[in-house]
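The values are calculated or read from the model by the stated rules, or taken from the named source; none is laboratory data. What you see is a predicted model, and the numbers here were worked out from it, not measured in a lab. Here the Cβ is made from the backbone with ideal geometry for all residues, glycine too, and neighbour counts use every protein chain on show.
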Amino acid sequence: MTTTLSKTPPPLKRRLPAPLRRFLKNKLAVIGLFVLLVFAVAALLAPQVAPFDPAQIFFSDLRAAPNSVHPFGADELGRDIFSRVVYGARVSLSAGLISVSLALVFGASIGLIAGYIGGWLDDVLMRFVDALLSLPFLVLAIALAAILGPSLQNTMIAIAIVTAPAFARITRGEVLSQRERDYVQAAQALGAGDGRLITRHLLPNISGALIVQTSLAIANAILAEASLSFLGLGIQPPAPSWGSMLNAARGYLTDAPWMALFPGIAIFLAVLAFNLIGDGLREALDPRSQKS
């Protein structure tokens, strides 16, 4: 009589990809991911999470302190601050994700072309990128938003333009490093065309650096959107935005500090979450840690 011994499946933790295991070991990164998920759920389910319409006015609750009806208090028009913070998460997260996605596509494309083709085209593209990088990030964003006009769409375009050069610079550096590796030389010797080399070899090997830069760039984009909205160049009232809420609270810092406190905390937590996630991704995707 023969018996078959069934192998015990490895624990779930061991079955996870190594980069994911390293990321989950980083407690700060996990905390950042949790905070981000809270904001994401609040933004997606804003009508269900927010107790009031963000533009609804309660004349009896002008600048009301936090209470059971308005947990974050009310603003100068009696609007519920908690509801406006929840709906403001939609604006900030969408502005960060969309603008950085556009910057990633255009910036990485420029860097890929410059690094892979090289020559005079590399010089021309990189001098243009250097010119943009020489200007202060926020000053350039304000100038572009002022030229394009105040709106959320124009704000995202302005942020994308000022963010793209960083992706171009990183992509070019990674391509220059990878194209001299043995696996690229071997693929070329086997007759692989440019398209196959880029899509099957270069892009997968530079994706780690781009993922880390994306998470950090979203944090900067959220700050930029809040700054532009604070200056009146972002989404226009009565639509809620964390930056415009801070602008409205400037004249009431003594009488109603909660008007600035809660949108300020929201900006701080969102930016901190993306920075913590970026640091965790940098450690998890570090090639020198692949054996851990």
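A few points about this structure:
- Selected residue (only one of Pro204, Pro240 is over 17 Å from the mean Cα position of the chain (by Cα) and either in a helix (DSSP H, G or I) or among the acidic types (Asp, Glu) (or both)): Pro204
- Candidates Ala103, Ala89, Ala95: the one that is assigned to a helix (DSSP H, G or I), within 15 Å of Leu269 (Cα to Cα) and aliphatic (A, V, I, L, M) is Ala89.
- Any chance Leu197 is more than 30 Å from Ser244 (Cα to Cα) and in contact (Cβ under 8 Å) with a residue 12 or more places away in the chain: yes
- Qualifying positions in segment 158-178 - surrounded by 18 or more Cβ atoms within 10 Å (Cβ to Cβ) and either acidic (Asp, Glu) or over 15 Å from Thr214 (Cα atoms) (or both): Ala158, Arg172, Glu174, Val175, Gln178
- Some residue of segment 27-43 being surrounded by fewer than 17 Cβ atoms within 10 Å (Cβ to Cβ), on the phi > 0 side of the Ramachandran plot and either modelled with pLDDT of 90 or more or not hydrophobic (A, V, I, L, M, F, W, C) (or both): no
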